[in-house]
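The structure appears right after this line, and notes come after that.
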Amino acid sequence: MLTDLRHLLRLFAIGRCFARQDALFLLREAPMGAGIRGMLGLFQALFGRRRPDLREGERLAAALSDLGPSFIKLGQVLSVRPDLVGAALAEDLGRLRDKLPPFSWAEAKAVIEAELGAPVETLFAHIETEPVAAASVAQVHLAETSDGRAVAVKVLRPGVEAAFAHDLALFAWLAEAAERHVADMERLRPRDVVASLRDWVAIELDLRLEAAAAGELRDNFSNDPDVLVPAVDWQRTARRVMTVQRIEGLPVEDRVALQDVGLDLHDLAARVIRVFLKQALRDGYFHADMHHGNLFVSRPDGTAAGGTTAGGRLELVDFGIMGRLDMKTRRFMAEMLGAFLTGNWRRAAEVHFEAGYVPADRDVNAFAQACRSIGEPILDRPVTEISIGRLLAQLFQITETFGMRTQTHLLLLQKTMVTVEGVARSLDPEINFWEVARPVIEDWARENMGPEAQLREAATAMIDVVRRLPQIARDLEVMAAGGVVERTHPAPSEIQALLNARQRQPLIWALWAVAIMLGLTLLA
């Protein structure tokens, strides 16, 4: 009861803030009783003001900014959920920038010294006392280490953990109530929104996790001439402090500066798209916040690690929001995009059914027709009007018609693709996402979906079964003696399903036969 009262008082403060920014429209449109609608009207009368000069999304973004760090992050999460808030609101929330006044150098210095266990003067030969960037979670100071390396030092804002903990508890309470009392809300999975927010916040509030994300992405692009991910200085990184290699490139949004140093903007735009697709398809791990502020470009006279020329190389920063895709999802993505690229609407529909995203009792022909209704109007349009982001947004809009449960990982992917496309078009308005994407998708599909890929997958599964066979035999002995075992290997039904999936592939059948013989040898 006390918890509910605390949440209700917090809701009162939130409602007042929403009224001041003329953002109560979002609550008024939600399914609710007459009593709550009357209370919203009272809030508007007592605290509200009209702001007709701003779009609804801009007013909502202003309210979320006023409410602090947790709500700014909530807005960023909602920006990847057009199925919840609509495409227009999602687009405006996607522009929500996380900027707050900086905290004092004395506070920042205290955090650095407490976390790293040494005086700032010992850790750094020089550090700027004024931050170059300040957000709701942290701020960044430029510095030079005692061994002469140029670095950027990110420091968490004091007290930010407690603020997030209180608000995340409120969000979870609201999401659970919405799923319980609002029709169709369970399909939209608002609790998953809160779970996504909690995951993002967990990374942002432990800078070691963000540093690890940067390290993984850097490993993925270690020999790639298109990308530079800053190296982490682990000796100067802890839970509330992260130190990384300083990025010296030009902001990607400064077209004039990029042209002044002789960079080809069309080539750079294609590189932005290509780098994203490499992350999503090749690695299954992608920077999910690739907006202008997080992208820089090395100058033509710059030099990368190892002495290679790094002109026009993309330099990425801020690894607090990352996306991960398993192989099944990557195959879905490649096949779905390939089907739309070629106008194969039937295949586009089948891919959704095979992935389990559309309930099996729905009509695949009707879904193929829906895919055609989305794809055909854009395929014959001029290059400047073809938007893969718009296509994906429209595709997600038909989810309600076909009873599809929201796939939150795909929505994060879609949001990132829209952002990447926007960055690329800001560099070259004539860039054709499809044209750049096609060879990347085709190359990946040949390598990961052709006969050789199937052979590798079967071999991996075969080795896994061989490894488990001795344990399976021991479990059978326990079961024969009347005991109970904890199942750590596939159930018979799972093995049978795996075999059935391959029954039309003689080569893979042969491999399974070899696996069984090898297993029997191991058991002998």
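The values are calculated or read from the model by the stated rules, or taken from the named source; none is laboratory data. Everything numeric in this text was worked out from a predicted model, so none of it was measured. Backbone-built Cβ (ideal geometry, glycine too); neighbour counts: all protein chains shown. Remember, those area values only see protein heavy atoms, side chains included, never the ligands or the DNA or RNA. Shrake-Rupley method; radii C 1.70, N 1.55, O 1.52, S 1.80 Å.
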> From the set of residues in the range 107-129 that are of a type in the set (A, V, I, L, M) and more than 14 Å from THR243 (Cβ to Cβ), which is most open to solvent (accessible area, probe 1.4 Å)?
Replying inline: ALA114
> Does any residue of the range 369-379 turn out to be at pLDDT 90 or above and open to solvent by less than 70 Å² (accessible area, probe 1.4 Å)?
Replying inline: no
>> I need the full set of residues from the range 60-81 which are open to solvent by less than 30 Å² (accessible area, probe 1.4 Å), among the charged types (D, E, K, R) and part of a helix (DSSP H, G or I), in order please.
In response: LYS73
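Just give me the residues in the range 229-243 being out of contact with any helix residue (DSSP H, G or I) (no Cβ under 8 Å at 6 or more places or on another chain) and open to solvent by 30 Å² or more (accessible area, probe 1.4 Å), in sequence order.
Quick first cut of the range 229-243, residues out of contact with any helix residue (DSSP H, G or I) (no Cβ under 8 Å at 6 or more places or on another chain) only: 233, 235.
The one that is out of contact with any helix residue (DSSP H, G or I) (no Cβ under 8 Å at 6 or more places or on another chain) and open to solvent by 30 Å² or more (accessible area, probe 1.4 Å): GLN235.
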>> Restricting to the range 92-143, count the residues that are assigned to a loop (DSSP other than H, G, I, E, B) and over 24 Å from ALA61 (Cβ atoms).
In response: 7
>> Against the definition (part of a helix (DSSP H, G or I) and either at pLDDT 80 or above or open to solvent by 40 Å² or more (accessible area, probe 1.4 Å) (or both)), how does ASP4 come out, yes or no?
In response: yes
>> Within the range 318-325, does at least one residue satisfy the condition of being under 26 Å from the mean Cα position of the chain (by Cα), closer than 16 Å to GLN279 by Cβ and of a type in the set (D, E, K, R)?
In response: yes
>> Based on this model, can you work out whether ARG246 counts as open to solvent by 50 Å² or more (accessible area, probe 1.4 Å), basic (Lys, Arg), in contact with a Lys or Arg (Cβ under 7 Å, 6 or more places away or on another chain) and touching a residue at least 24 places away in the same chain (Cβ under 8 Å)?
In response: no
